[in-house]
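The block underneath contains the structure these notes are about, expressed in structure tokens.
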């Protein structure tokens, strides 16, 4: 039997990779994808905890997280499409009008 | 056995996210993420959460990532691929399609002929999940449906707007 801590380790690595990708990447779409990676790492941690505590509530939370992620993806992509339409770019280096 | 599956799945999952960081092509990034989320679905299955695994593959790897791919295709309009690459890809696609067809055929045959088909998942777990959703978490569930409606209207209001309007 695989101990939940092993899944926890995978979740931690996944989350850190997501954070890394968010800061390393320079285009809005890939940064948005790395947010999804972080959400998934959270899901994995929830399920590992649900398993180790023997409770089904963790799985319910995962369902909610996936639903919220779907809603967030729709809105986020709509915003990115809007930014691309107005500025003709989604590279974050070129979107710096708010810089003081 | 379980450890082997665990290592393969977690290697795929972490490796494809690492590949996403290294790759520069957005479409490749999205496909890497599909691979990552699918193997994550397998990990969910290892954690005795078959329903979450199915939702992960269907909603995340399926719906959300396809949405990303659609968005990517709106952004980078690169030139046509060279013909040779196109042919190689066509062959690869055809091969994979045949493989999938054979796989589905085998699975369907087992199901129709009875025998040792896919064992029905232990229904107790999913039933318990549904019970939780409609009793303890009823308010959260209803609020989620409102959230999805709001997201739908918001996306239409944002992206459906004409330029300059």
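Side notes on the structure shown:
- Annotation note: Cβ proximity below 9 Å between a residue of region A:84-99 that is closer than 18 Å to residue A:23 by Cα and a residue that is assigned to a loop (DSSP other than H, G, I, E, B) (sequence gap 6+ or interchain) occurs for A:91/A:26; A:92/A:25; A:92/A:26; A:93/A:26; A:95/A:89.
- Counted as qualifying within region B:1-115 are the helices (runs of 4 or more DSSP H) with 2 or more residues that are over 16 Å from the mean Cα position of the chain (by Cα) and at pLDDT below 85, namely B:65-75, B:83-112.
- Residues of region A:32-60 that are more than 7 Å from every other protein chain (Cβ to nearest Cβ), in contact (Cβ under 8 Å) with a residue 40 or more places away in the chain and more than 9 Å from the chain's Cα centre (by Cα): A:49, A:52.
- On the stretch given as region A:38-92, residues that are touching a helix residue (DSSP H, G or I) at 6+ places or on another chain (Cβ under 9 Å) and over 18 Å from residue B:44 (Cα atoms) total 21.
The values are calculated or read from the model by the stated rules, or taken from the named source; none is laboratory data. All values derive from a computational prediction rather than experimental measurement. Because the Cβ atoms are built from the backbone with ideal geometry, glycine has one as well, and the counts that use them run over all protein chains shown.
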